[in-house]
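Participant: Below you will find the structure I want to go over with you.
The values are calculated or read from the model by the stated rules, or taken from the named source; none is laboratory data. Remember, it's a predicted structure, so these values are computed and weren't measured experimentally. No Cβ is skipped: glycine too gets one built from the backbone with ideal geometry, and neighbour counts run over all protein chains shown. Heavy atoms of the whole protein, side chains included, go into the accessibility calculation; ligands, DNA and RNA do not. Shrake-Rupley method; radii C 1.70, N 1.55, O 1.52, S 1.80 Å.
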Amino acid sequence: MAKQYMALKTVGRFKSGDIVGSLTEAQITQLLVGGVIKEVEQASEPKPVVPTKITKEVKADV
């Protein structure tokens with residue numbers, strides 16, 4: 001999976017908090033050094049799936 005970067009400040013068309021994409025390696029390196037973007041950490045383990053609680057359906061008198 002490719003590395004992803006998040007904007008810490010507004011840069012070009014990306015606002016603070018956006019995932020930054022379609023930049024060259026040179027631009028990414030320059031923005032990382034300048035503290036404008038940071039690498040998004042990938043989760044090493046997927047989160048466990050929690051089953052939803054199933055309730056019994058009760059029919060109402062009509």
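Participant: Which distance in nm do the two modelled labels at residue 58 and residue 23 give, with both placed 7 Å along the Cα-to-Cβ direction?
Facilitator: Result for the modelled spin labels: 5.7 nm.
Participant: So, one more: Suppose each label sits 7 Å from its Cα in the direction of the beta carbon; what would the residue 45-residue 30 distance come out to in nanometres?
Facilitator: 4.2
Participant: First compute the accessible area of the chain with a 1.4 Å probe, then give the percent of it belonging to carbon and sulfur atoms.
Facilitator: Of the solvent-accessible surface of the chain, carbon and sulfur hold 57 percent.
Participant: What accessible area per residue comes out for the chain, rounded to a whole number of Å², with a 1.4 Å probe?
Facilitator: Values: 5900 Å² over 62 residues.
That works out to 95 Å² for each residue.
Participant: Might you report the magnitude of the Cβ-based charge dipole of the chain about its Cα centre, with Lys and Arg at +1 and Asp and Glu at -1, to the nearest 20 debye?
Facilitator: Details: 9 positive and 7 negative charges, 34 e Å.
The calculation lands at about 160 debye.
Participant: Once the other residues with Cβ under 15 Å from the Cβ of residue 21 are scored (Lys, Arg +1; Asp, Glu -1), what is the net sum?
Facilitator: With Lys, Arg at +1 and Asp, Glu at -1, the net is +1.
Participant: Related question: What is the set of long-range amide H partners of residue 20 at a cut-off below 5 Å, with H atoms built 1.01 Å from backbone N?
Facilitator: Those qualifying (amide H under 5 Å, at least 5 residues apart or on another chain) are 5, 6, 7.
Participant: Let me ask you something else. So what's the angle, to the nearest 10 degrees on a 0 to 90 scale, between helix 25-34 and the longest Cα principal axis of the chain?
Facilitator: Rounded to the nearest ten degrees, it is 90.
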